[in-house]
Amino acid sequence: MAIDAPAATPLTDRAPVPLFPSEEQNTTTQPSLAAMMLLTLAVGVLGYTLQISDGNYTPWAMLLVVVSIAATVVGVLVAKVRSHRAGSLLPVILWLLVAFQGWQLLTRSPIDIRLENPAPFVAGVVIVIAIAGAVMGAPRWLARWLAAVMLASYALTGLWLIQVTPRTIGDVRLLQERASERLLAGQSPYGGTIPNIYGTDTFYYTPGMLDAEGRVQLGYPYLPLTAYLGVPGYLAGDFRISHLLAMLLAGVFIAYARPGAIATLAAAVLLFTPRSFFVLWNGWVESQVIMLVAATVFCAIRAPRLTPWVFGLLLASKQYNVLMLPAAILLVQRPWSAAKLARFYGIAVVVAIVVTAPLALMDLRAFWWDTVSFHTLSAWRPDSLSLPVWMGKEYAQAPWGWLSLATVIGATALWLWRVPRAPWAFAAAVGLTLLCLFAVSVKAHLNYYYLVIGCLCCATGATGAAGATGAALPSTSGGTPHPNSLPDSSV
């Protein structure tokens, strides 16, 4: 006897897409286990590189950067190569990486100076290693609580470090504190000068960056959003508290983007990368960019309707984030249409303009000088961890700008060819693009590469629960599945 097929549900009777879809509805096609292992290898190698070099050039450090690039490239190439369902192996690898990073943190001061009483710091690291081991076999409800304890441990460790160590004496601190002062006074942070604390013979500044009195012609070199985000920490007594909060939120977004051990372990890898506390101690704004990358991926998984709005904030956080525009297509749900793409990119661009314009228009000339013209005068940096330094100063005048453009185009073509449409793929594509860009730039330092680590950790955390290496799981909640639950297709 024939069995009648169920009638198709009319389009008008379908349930609306929820703002926060369930985990089952939002399951996407996952990358291969080989891809995730290679991206994890890239994170581990890059983190170790920064630990032994502080992001400064040495031949050995440059070789390790090349290894991390190779691992990332091959990881992207094999993203769609299906492997055995051995997803339980990836959490073990991530835990081993957390343990290795903990060993590095315990065998060298996390900042430039020796800690007088490192016991609280040691306790924080040991707690995280233990939690990372426990989360692998924990049920889902317990894993969420363990993730919360891990995040609290990071927050307390970072806050302790800020309070017991002296503030750095650098231009980053001067610029960010002055920006907060000006904002609270209702003034633009752009324009003016700061003292040249590095002396006249420094390679940090070229003659065109200095005025007749030798002061640096710079008010605030970053985009307005980072100035806004720095105000809460300044009001709390230390601008770096804002960066601690940014990294804590990045950890929250990564750990709770997906259920299971992988997301929690990926957050632990990011927060306890050996030089992560050095980034915090210096107050580099890459912490805020990482937070927004993680927030964008989180929304793409949990709240798709908010994704273009949060991506707009990401665009407005750093000048080179315009390079993320092509990768954002991986966040747009299939099937694509001109109207859907226009809406996504339109919202993102409008948000970026709305956030940036008020301060930029207060003094447009000063804004352009600080955020664009000043950076074009940057000199060849002999301490940059990049290919130009490896080749030697005689190649300082080579057309590195054109090579950087070619590198970005090549990286973009690679991920367009090989990665599926998924939130994790967006983070991986951005990490690959920035890693290749920094490797051929005349300026590439610890904070730059830490941003790459953040992107790759976001990609790993967004891959889903352990064991998912094949096609998307069907929705078990009934009704029409959310678009993100449909199998991904390559771009």
request  = Kindly list, by first and then second residue, each pair from a residue in segment 220-249 that is closer than 24 Å to Arg365 by Cβ to a residue that is charged (D, E, K, R), limited to pairs with Cβ atoms under 8 Å and residues at least 6 apart or on different chains.
outcome  = Tyr220/Arg178; Tyr220/Asp370; Pro221/Asp370; Tyr222/Lys318; Leu223/Lys318; Thr226/Lys318
query = Is it true that some residue in segment 241-257 is β-branched (Val, Ile, Thr), over 23 Å from Arg167 (Cα atoms) and in contact with a Leu (Cβ under 8 Å, 6 or more places away or on another chain)?
reply = yes
query = In segment 180-217, what count of residues is obtained for those that are in contact with a helix residue (DSSP H, G or I) (Cβ under 7 Å, 6 or more places away or on another chain) and within 29 Å of Pro382 (Cβ to Cβ)?
reply = 5
query = How about segment 410-451: which of its residues are closer than 27 Å to Arg381 by Cα, of a type in the set (A, V, I, L, M, F, W, C) and more than 20 Å from the chain's Cα centre (by Cα)?
reply = Val442
query = So is Ser68 modelled with pLDDT of 95 or more and of a type in the set (Gly, Ala, Ser) or not?
reply = yes
request  = Test Ala79 against the stated conditions and say whether it is within 22 Å of the chain's Cα centre (by Cα) and at pLDDT 90 or above.
outcome  = no
Out of Leu313, Leu292, sole residue that is under 30 Å from Gly158 (Cα atoms) and in contact (Cβ under 8 Å) with a residue 40 or more places away in the chain = Leu313
ask   = Within segment 216-301, which helices (runs of 4 or more DSSP H) (wholly inside it) include 2 or more residues that are surrounded by fewer than 24 Cβ atoms within 10 Å (Cβ to Cβ) and of a type in the set (Gly, Ala, Ser)?
value = 224-235
note = Those residues of segment 375-391 which are buried (at least 19 other Cβ atoms within 10 Å of the Cβ) and either modelled with pLDDT of 95 or more or touching a strand residue (DSSP E or B) at 6+ places or on another chain (Cβ under 9 Å) (or both) amount to Ser384, Leu385
ask   = Checking Leu46 against (1) modelled with pLDDT under 95; (2) within 16 Å of Cys457 (Cβ to Cβ); (3) part of a helix (DSSP H, G or I), which test does it fail?
value = (1)
key: The lone exception for Thr206 - which of (1) within 24 Å of the chain's Cα centre (by Cα); (2) touching a residue at least 24 places away in the same chain (Cβ under 8 Å); (3) loosely packed, with under 14 Cβ neighbours inside 10 Å it fails   = (1)
key: Of residues in segment 57-116 being assigned to a loop (DSSP other than H, G, I, E, B) and among the aliphatic types (A, V, I, L, M), the one surrounded by the most Cβ atoms within 10 Å (Cβ to Cβ)   = Ala79
request  = Can you run down the residue pairs with Cβ atoms below 8 Å, 6 or more apart or on separate chains, where the first is in segment 109-131 and without any contact (Cβ under 8 Å) to a residue 60 or more places away in the chain and under 21 Å from Gly283 (Cβ atoms) and the partner is small (Gly, Ala, Ser) and in a helix (DSSP H, G or I)?
outcome  = Gly124/Ser153
task = Working only within segment 190-202, note down all residues that are within 17 Å of Arg173 (Cβ to Cβ), touching a residue at least 24 places away in the same chain (Cβ under 8 Å), touching a Gly at 6+ places or on another chain (Cβ under 6 Å) and not small (Gly, Ala, Ser).
result = none
request  = Considering only residues that are over 18 Å from Thr273 (Cα atoms) and crowded, with 22+ Cβ neighbours inside 10 Å, look in segment 28-43 and name the one that is modelled with the highest pLDDT.
outcome  = Ala35
inquiry  = Residues to consider are Ala425, Ala462; find the one that is of a type outside the set (Asp, Glu), at pLDDT 50 or above and touching a Pro at 6+ places or on another chain (Cβ under 6 Å).
reply    = Ala462
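The values are calculated or read from the model by the stated rules, or taken from the named source; none is laboratory data. Everything quoted here is computed from the prediction, not taken from an experiment. All Cβ positions, even for glycine, are placed from backbone atoms using ideal geometry, and neighbour counts span all protein chains on display.
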